[in-house]
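Throughout, read-outs are computed from the coordinates displayed, never taken from laboratory work. Computed from a predicted model, the values in this text were never measured in an experiment. Here the Cβ positions follow ideal geometry from the backbone for every residue, glycine too, while neighbour counts run over all protein chains shown.
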Amino acid sequence: MLKPASVAVVGASPKPSIGRSVIENLQLVGYSGEILPVNPNYDEVLGYGCRPSLRELEGPDLVVFCVGARRVLEGYRLLGDIGAAAAVIFDGGFAEAGPDGRKLQAEISAFSRAAGISLCGPNCMGFFNPASASAAYAQLIHDPGKLHGNVGLISQSGSVCIGLMSDTRRFGFSTVVSSGNEAVATTADYIEYLADDPATEVIAVFSEFIADPEQFVAALDRAAGADKPVVVLKAGRTARSQRAVTSHTGGLCGEARVFSALLRAHRAIEVDGLDEFTEVLAACGAAHLPAGHRASVVTASGGLAELMLDAAPAAGIELPRLSATDRAAVESFMGPVSGDGNPLDAWGSGQFDSNLPKALEVARASDDTDVVVFPNDACDGQPMGGCDFGPAYTPHVAASAAVSDKPHYQLNTRPGLMHRVQVRLLAESGGATLGGLHQGLSAIARLAEFSRWQPRPALDERPNLGCVPALLADGARPTIHEHDSGRALQAYGVPVATEMLANSAAEAVAAAVEIGFPVVLKAVSDRVAHKSEHGLVELALGDAEAVERAWNSLAVRIARSGHSTEILVQEMVSDGVEALVGVSRDADFGLTLALGPGGVDADLSSAGDVALRVLPLRVGDAAEMIAESPRLARLLAGFRGRPPADAAALIACIEALAGFAWAERDHIAEIDLNPVMVLREGQGCVAVDALIVTHNP
C-alpha cells in the first residue's frame, strides 16, 4: 500500500477532481512507478493512457477509488480477479452513515480479507509517503519538499492530518496516513509498519477508536522495542462507560482512564490536546532525548527565570540548585549569583555575549542536569527588540547543543511564537524549539518518562486452583456474595476477615464466641450487593446478648425485604486505613485493577485519588499505585499523628487479588474489596467485604 510499484486511479479525470489530484500528487512527489488511470470517458488523463475498466489491468499494487460510495463495490469486487494487493477508498457513506453503510463496509471488509487486500479507509484522505515518494492523497500537495521529515503520522481524522501538515517549521513527516473507518488496515497495522520503517523516528497517533485492541497493544510494544516514541492523542476521553456497574470499582474505571493506564504500561506518550501533541513531536526533533527530568535553565531575563520556577513543578520538571562547584564556576565570570542559580540569569552586567556561552557550558557539563533549556521569546516579523537579540542568542545555544550529549531546547513562553532563523539554526545543531511554558516543559517531561521507562516482567502467574468451575464458570450466579467470594479469594492469598455462616441466633452466638468479640452480623445474598444501604449490617456487637438481639432484628428486616439471605458472623476489624482494591473489565482492554481510598470515601473519591493498571500486574506496579493515590498514600503514611499503616501488607493483597483475577480472567467481570482494612505497620491487612461479578461470554 504505502510503497506501491504501480497505482491504478479509478475515477481519474483531467477535470478538477480528486481523481486529478491523486495523479498530480504522484507527479509532484516524484513517484517513479507506473500510473494507471481508469475511466471509460477518457482515452488519456494528464499524459497517461486511460483504461475503461479495472478488468484491463493485471496485478496493480494499489487501486485508488476516487468515486462515490455506491459506485465503489462494483469495481472493488474485481480486485481479486486482477491480482490487486491494496486499495484506498476516499468517500464516506459507510459504517459512519447508518445500517446501509455498515452493511456496505462489512461486505468490502469481508471481501478484502478473503482476497488478501490491504485497504486504507473508507472515509479517509488516504496517505502520503515522502520517504518513498508515493502518495494516494485526496487533497493536492503543493510543496512535498517542505513536508519531509521523521514523523510517522496516523490519524483517523482527515482534518487533523491537514492541520498538522499545515505547519512544518519544526518537524516533517516520513509517512502520513488518514486511516478513516479502518475497515481493514488499522492504526495498529500502521504502527507496526512505522516501527520497522528506517525513515520514521517518532510515531504520532490521533485516535477516535481502537479497532483491534490486542494488536494495538502488540504494536505499541513493537515500537517500544525499537525505541521509537509513540505519541497518542485520543479523542472522546471524557466519555464514560455506559454499562451498568454493580461494584464501586467499575464506576471508578472510566474508559478513558483505562486507555491512559494502558498507554503508560506500554511506553506510549499520551497528550491532552493538539498543542501538547505538537510540542512533544517538536521536542523529539532534538538529537538526544532527555535522560531524566532535571533541567538547567539559562536565561537572559530575571522575569523569565521567575516564570520558569512557577511553571516547572506543575509540568513535572525538576530545577536542581547549582552545586557548589557549578556555582563557583559561574561566579568566576559573572560575579555573585542571587538565589540558588537555577534558573540562571546570564545577562549579568549586560555582557550576555560572553556570559551566555560560558553559562551554557557549565549547564551542559553539570552532573545534576539532564536537559538544557533557554527561554526566549521571538517571532517572525516582530517590530522591535527580539529581532536583534534573538538571532544573537541562538548561535550560542546551537553551539552548545552541537557539542553536548544532552538535549538543548529553546523555549518560547507562549505557544505559536517562532522565529524561523532560530528554529533552523538550532535544528542544524541538534537542538529544538518549543512553544508555551506549560506545553514545552510538559513535552520535555513526557520524553524523560519515555527515556527512563524500563520493561517490567509480569508477576508470576498463579495457577488456577480449580475453585472457579463450580462457583463462576456456569454463569448461574451473576454476582457471588461476600462469603463465597471471600473463600475463593482467600485460596489465592487475599487476606479476608474470619467469618462463619449461622442458621440461628444460637449458632450466631456460638460463632461469635469462637471468632472473638466484637463481631459484625451481615445478611449475605447474591442479590444484595451493598448490604448497608438496605440496613442489613449490625456492627460492633460486644457480647452474646448483643449478637442475639442483632440476629432477631436482622431476621425481621430480611423477611420484610423479600430477599432470601443467609446471615454471616464476622470479626469486627477497626482502627485501620480503609482502602478499595478492585478489578473491572473494560470492553476493549480487558481486566483493570483499581486502588484508592475505601469505605465511604470510595463514593467520594475523584479520578485523581484512584490509581489504575491494566492486568496482568507487573513487578513494582502495586507500590507505584499506592504512590499514585495521593489521598490513600497520606493516610497510610500516618495522617494527623496516627501511626503508619502496613503498606507492605496492602501491596501483597493487591498482588494476590491481581493474581486471582488474571488466573480466572475468563470468568471475572468485576471484583470489589471494599474496604480492605490496612492495620498498623507490621500487623497486616484484612478485606472485610468482597464481591465478585462473573463474566459469562
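Helix 255-265 versus the longest principal axis of the chain: what is the Cα-based angle in degrees, 0 to 90, to the nearest 10?
Taking Cα atoms only, the helix is inclined about 70 degrees.
Which angle from 0 to 90°, rounded to the nearest 10, does the C-alpha axis of helix 352-365 make with the longest principal axis of the chain?
The angle comes out near 50 degrees.
Would you please report the Å³ per residue occupied by the convex hull of the alpha carbon atoms in the stretch 287-452? Working shown, then result.
Working: hull volume 16.2 nm³, N = 166.
Hull volume normalised by residue count: 98 Å³.
With θ set to phi - 60°, apply the Karplus curve 6.51 cos²θ - 1.76 cosθ + 1.60 along the stretch 211-219 and write out the HN-Hα couplings as whole Hz, x wherever there is a Gly or Pro.
Each residue of the stretch 211-219 in turn: 6, 9, x, 5, 5, 4, 4, 4, 5 Hz.
How much length is gained if the chain between R527 and E331 is pulled fully straight, taking 0.36 nm per residue apart and subtracting their Cα-Cα distance, in nm to one decimal?
Full extension from R527 to E331 adds 63.2 nm.
What is the sum of charges, Lys and Arg at +1 and Asp and Glu at -1, for the other residues whose Cβ falls under 10 Å from the Cβ of A84? Let's see the in-between values first.
On the way: positive: none; negative: E58, D61, D81.
Once all neighbours under 10 Å are counted, the net charge is -3.
Okay, helix-only estimate at 222 nm for the chain: each DSSP H run of n ≥ 4 adds -39500 (n - 2.57), divide by all residues, round to 500 deg cm²/dmol; what do you get?
So the helix-based figure for the chain works out to -11000 deg cm²/dmol.
Run the paramagnetic zone check for K3: 7 angstrom along Cα to Cβ, then residues of the stretch 183-213 with backbone nitrogen under 12 Å.
193-194, 196-200
Given the options A622, A135, A315, identify the residue whose Cα lies farthest towards the positive end of the charge dipole of the chain (+1 on Cβ of Lys, Arg; -1 on Cβ of Asp, Glu).
A135
Counting Lys and Arg as +1 and Asp and Glu as -1, what is the net charge of the other residues whose Cβ lies under 15 Å from the Cβ of S485?
After counting each charged neighbour, the total is -4.
Across 10 Å bins from the origin, how do the percents of Cα pairs in the stretch 501-558 run, short distances first?
Result returned by the calculation: 25, 56, 19.
Residues of the stretch 652-691 with backbone nitrogen within less than 20 Å of a virtual label 7 Å along the Cα-to-Cβ line of V619, please, listed as ranges.
Under cut-off, by backbone N: 652-660, 662-663.
Hey, for a label at E96 modelled as a point 7 Å past Cα toward Cβ, could you say which residues of the stretch 148-180 have their backbone N under 20 Å away?
Under cut-off, by backbone N: 153-166, 176-180.
Between the stretch 400-420 and the stretch 652-695, how far is it from one alpha carbon centroid to the other, in angstrom?
First find each Cα centre; the distance between them is then 48 Å.
With +1 on the Cβ of every Lys and Arg and -1 on the Cβ of every Asp and Glu, and nothing else charged, how large is the dipole of the stretch 41-130 about its Cα centre, in debye rounded to the nearest 20? Each step should come with its number before you reach the end.
Details: 8 positive and 11 negative charges, 62 e Å.
The dipole of the stretch 41-130 has a size of about 300 debye.
Mind listing the phi-derived Karplus ³J(HN,Hα) values for the stretch 641-653, rounded to whole Hz, using 6.51, -1.76 and 1.60 with θ = phi - 60°, and x for any glycine or proline?
Those phi angles translate into x, 6, x, x, 8, 7, 5, 4, 5, 5, 4, 4, 5 Hz.
Are there GluC sites (Glu not before Pro) in the stretch 379-462 that DSSP puts in a loop and that have at most 16 other Cβ atoms within 10 Å, and which ones?
Counting only loop positions with at most 16 other Cβ atoms within 10 Å, the GluC sites (Glu not before Pro) in the stretch 379-462 are E461.
What full-extension length gain, to one decimal in nm, is calculated for E514 and A287 as 0.36 nm per residue of separation minus the Cα-Cα distance?
74.8 nm
Helix 505-515: angle to the longest alpha-carbon principal axis of the chain, degrees 0 to 90, nearest 10?
With rounding to tens, the tilt is 70 degrees.
Want the number for L78 to A458: 0.36 nm per residue separation, take away the alpha-carbon distance, what's left?
132.0 nm
Sticking with the crude label model, points 7 Å out along Cα→Cβ, report the distance from R634 to D227 in nm, one decimal please.
4.1
Between E545 and E24, how many nm apart are label points set 7 Å from Cα along the C-beta direction?
9.7
Of the listed peptides 115-123, 301-309, what is their order by residue-averaged count of other C-beta atoms within 10 Å, with the highest listed first?
115-123, 301-309
Find the all-direction average of the projected area of the Cα convex hull for the stretch 397-551, expressing the result in square nanometres with one decimal place. List each step's numbers first, then the result.
On the way: hull surface 73.1 nm².
Orientation-averaged projected area of the Cα hull: 18.3 nm².
Give me the one-decimal Kirkwood hydrodynamic radius in Å for the chain, with the sum taken over alpha-carbon pairs.
For the chain, the Kirkwood estimate is 29.2 Å.
In whole angstrom, how far apart do the alpha carbon centroids of the stretch 30-90 and the stretch 311-349 sit?
Taking the Cα centre of the stretch 311-349 as reference, the centre of the stretch 30-90 is 64 Å away.
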